[in-house]
């Protein structure tokens, strides 16, 4: 056993003193501002304007820039280099005159002196695997990043440019006026990294057994930054976590690769006849009308045949993509290729998969059907998928999304065997990444500032899609009865939300600054939306509002407020309290039942009434004769109340119901006062299940507004004609309550997983 | 009851420049003190595939379903007792392996610790998976009656101590 010496970097003393008394003082408490949980978000939200309206829709002056690209790209497989020459056509739709353009050079994050390499703190490692030690202290960092050959105007004049880290400013000879276009050219190249060892979104995987590489290439060309009404020029550099903010535009791209490579990319392939063999072309044509199962265009046998022959020739694959915010491609001689046609609304979309043989037999079985299911479910809840295809490419260890194409993990063992976990991991990541076509590829939110806007919405939709996949492909999930979704269900987020507050960020945080991106930008917002849909708004109101948001911002650039406002505007449900609690704070849900008191009807006023009366200098004799007196039962009598104890009440009953004994019998005869407590900071609807002695149960959902005048506790009266034997808060665990030990009356011993397991192995 | 927490903590993350879907490594350990029995109930949760990297490093064992349950439990227990320490009143405690189960993509491992005297301080040392993932973070949730305290441990700060009095 090794011994370690620890460095004590920071010592925090926290003192808890639960018995401390508040100082007694005759002065009232100090004043305070409006700290009500239901306070509207006027201070957090910006003032609506003509670009973005108070309803959450694009305003009458809403604009967005259009950027078109014409590119010639060459992949040098032998030397792992990528070369490009691009023409950029920038259309200034803003009302402003632009003196310069900012261009994103995301590859520069891989320069050996990139500031991003030093963005994290952390001291010496007391314990480190030898490979990691060597990589950290011995290896020279990979020296990637863009080499800019030149930037020229269309007429060939060099343009002045300044590179600041991952961004480049191009100074214009003349400003671009509002409504004008400007066209210019950039020539560049860079060294391609290994995305497996670098844990990167783009690069190649090297296969040592056959010496081949599979390329998944993205962020590979200088791309225009977004200029808009909320940021001006997006000036937040690429630090690695915050992804991309991109303009819509049209692309014409010629990809020159080794002649034996198979390529998939954003956009329509314009020259299949030139790049495919006759046989492949025949299958490609057949696939266009195969709606029931995928057609394999390049099969495993053919791939194995090619793997040992490294063609020296080149081929150029030509793509055209309309109205996309980015362009990415995959290329390798190792790729098996299949596709099928899917009907989406009135249109036909191709669901496509591309994978090395290392992905089989898993990939040929599930990838394309997972793509098809994603298009189907997402289209139902948002809008019909508008692009001609959706491609799922198998890349080791990563999931990453681009328009029409994405990279996904999920690899069987070398003997072709795979566990359920690998299978479900693969299907889930495909659904997630293909789903990103909707958010943020089409509903084009700013990922650089807000990771949750695409990840959270997409993870929410992923949950719905996984569940539908489970219903539609029962044999794929056999023997489970429902798809094992990792995220989306409220109970799954409680460990995160109950964690140490020092290490949790509000959802409304920049992705660079959150502690755990997974729960923070994916799981928590997805769960919050699921709770909105199931518990707070109901499916009908939620689905309509969510669809309204998707359709309003389809092919546009929404901000968080546009989402928040639309969800309220389209549903007439005030959700400011929900956004404030779930999105702007790190509060958690903890609601419980504190106690139950039974009340009886008495002939005389009880001590509580005397107290009230004496405060007014009155006695019981001063009261009018028509009051009913209720007082706590103190537990000795569980029987029904006796109406005869109250003369005015008996008189009222006799006069109202006379001899109608049925109506008399149906009158409530048990009166309970139930006190609910709320140790958690979040307000939520109070969902209560009441159980009665006769075995029946009632479910009451008190609106969230019940907390608006007292944030700590609330009392409710239950009048019933059955004896109450149990109260349970949030019986279906739908509110993400972090502590269920206070959810029941009488107190139910909640058993932990530990206790359940121990009971099971004993039994 | 007054509780003073001595909390050693410093945040650090690995140097991964780019981060993608599920590129985070977290284990969660729930430690519940059961006063009546004077024991600690411990539940360690980690991603199955993270732990599979441990178990497949030197042999070909497969989890969920287990290729060889007895051998896997043996190796799992060996790994955990080497990487996870609990000290009560500065004395190392013995971890009794109760068992393990799978929940979706999580592996849950159960341990029990018998205490022999009144607990005044408890220390945790958690090196689980630090030898595989430089980004690994291990969270410990400690619960005694209504009091809860969480610790985020990482490779630079694998140790935390809690004083109870």
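The values are calculated or read from the model by the stated rules, or taken from the named source; none is laboratory data. As the structure is a prediction and not an experimental result, all values here were calculated from the model. Cβ: placed from backbone, ideal geometry, glycine included. Neighbour counts: every protein chain shown.
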query = Just for strands (runs of 3 or more DSSP E) wholly inside the range A:654-755: which have at least 2 residues that are without any contact (Cβ under 8 Å) to a residue 24 or more places away in the chain and not assigned by TED's automatic domain parsing to the domain that holds residue A:532?
reply = A:697-702
note = Apart from one, (1) within 10 Å of chain A (Cβ to nearest Cβ); (2) not in a loop (DSSP other than H, G, I, E, B) all hold for residue B:44; the odd one out is (1)
key: Filtered residues of the range B:130-150 (kept if facing chain A (nearest Cβ under 7 Å) and under 20 Å from residue B:92 (Cβ atoms))   = B:130
remark   = Expected single match for exposed (fewer than 13 other Cβ atoms within 10 Å of the Cβ), closer than 30 Å to residue B:54 by Cβ and either modelled with pLDDT of 90 or more or over 32 Å from the mean Cα position of the chain (by Cα) (or both) among A:171, A:125, A:139 is A:139
key: Residues satisfying the stated conditions in the range A:86-100, i.e. closer than 30 Å to residue A:332 by Cβ and crowded, with 18+ Cβ neighbours inside 10 Å   = A:86, A:88
task = Name the one entry in A:561, A:512, A:475 that is out of contact with any helix residue (DSSP H, G or I) (no Cβ under 6 Å at 6 or more places or on another chain) and over 23 Å from residue A:243 (Cα atoms).
result = A:475
Answer from A:354, A:362 - the residue that is within 33 Å of the chain's Cα centre (by Cα) and buried (at least 23 other Cβ atoms within 10 Å of the Cβ) = A:354
Failed criterion for residue A:340 (all others in (1) farther than 25 Å from residue A:358 by Cα; (2) surrounded by 14 or more Cβ atoms within 10 Å (Cβ to Cβ) hold) = (1)
Pairs where the first residue, in the range A:419-433, is at the interface with chain B (Cβ under 7 Å from one of its Cβ atoms) and the second is outside any helix (DSSP H, G or I) and at pLDDT below 90, C-beta under 7 Å, 6+ apart = A:419/B:62; A:419/B:64; A:421/B:64; A:421/B:105; A:429/B:21; A:432/B:21
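Residue-by-condition table, conditions (1) modelled with pLDDT under 95; (2) touching a helix residue (DSSP H, G or I) at 6+ places or on another chain (Cβ under 9 Å); (3) closer than 30 Å to residue A:313 by Cα:
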residue: A:40; (1), (2), (3): no, yes, no
residue: A:54; (1), (2), (3): no, yes, no
residue: A:59; (1), (2), (3): no, no, no
residue: A:71; (1), (2), (3): no, no, yes
residue: A:81; (1), (2), (3): no, no, yes
residue: A:89; (1), (2), (3): no, no, no
ask   = What is the one condition in (1) closer than 28 Å to residue A:369 by Cα; (2) away from every other protein chain (no Cβ under 13 Å); (3) in contact (Cβ under 8 Å) with a residue 12 or more places away in the chain; (4) assigned to a loop (DSSP other than H, G, I, E, B) that residue A:534 does not satisfy?
value = (4)
remark   = Residue hits (the range A:539-549; touching a helix residue (DSSP H, G or I) at 6+ places or on another chain (Cβ under 9 Å) and either closer than 24 Å to residue A:450 by Cα or not in a helix (DSSP H, G or I) (or both)) are A:542, A:543, A:545, A:546, A:547, A:548, A:549
ask   = For the range B:47-65, what are the residues that are within 8 Å of chain A (Cβ to nearest Cβ) and surrounded by fewer than 14 Cβ atoms within 10 Å (Cβ to Cβ)?
value = B:65
key: In the range A:390-441, residue farthest from residue A:263 (Cα to Cα) [restricted to those that are surrounded by fewer than 23 Cβ atoms within 10 Å (Cβ to Cβ) and in contact with a strand residue (DSSP E or B) (Cβ under 8 Å, 6 or more places away or on another chain)]   = A:411
key: Count - residues of the range B:83-125 that are without any contact (Cβ under 8 Å) to a residue 12 or more places away in the chain, out of contact with any helix residue (DSSP H, G or I) (no Cβ under 9 Å at 6 or more places or on another chain) and within 14 Å of chain A (Cβ to nearest Cβ)   = 1
task = Could you check residue A:134 against (1) over 28 Å from residue A:188 (Cβ atoms); (2) assigned to a loop (DSSP other than H, G, I, E, B) and say which number it fails?
result = (2)
note = Within the range A:392-406, restricting to residues that are in a strand (DSSP E or B) and under 21 Å from the mean Cα position of the chain (by Cα), the one that is farthest from residue A:376 (Cα to Cα) is A:400
ask   = Looking only at the range A:353-362, which residues are in contact with a strand residue (DSSP E or B) (Cβ under 8 Å, 6 or more places away or on another chain) and touching a residue at least 60 places away in the same chain (Cβ under 8 Å)?
value = A:354, A:356, A:358, A:360
ask   = Considering only residues of the range A:467-492 that are without any contact (Cβ under 8 Å) to a residue 60 or more places away in the chain and either in the same structural domain as residue A:734 (by TED's automatic domain parsing) or part of a helix (DSSP H, G or I) (or both), which is nearest to the chain's Cα centre (by Cα)?
value = A:492
remark   = Filtering the range A:732-763 down to residues that are surrounded by 17 or more Cβ atoms within 10 Å (Cβ to Cβ) and more than 14 Å from every other protein chain (Cβ to nearest Cβ) yields A:734, A:735, A:736, A:737, A:743, A:744, A:745
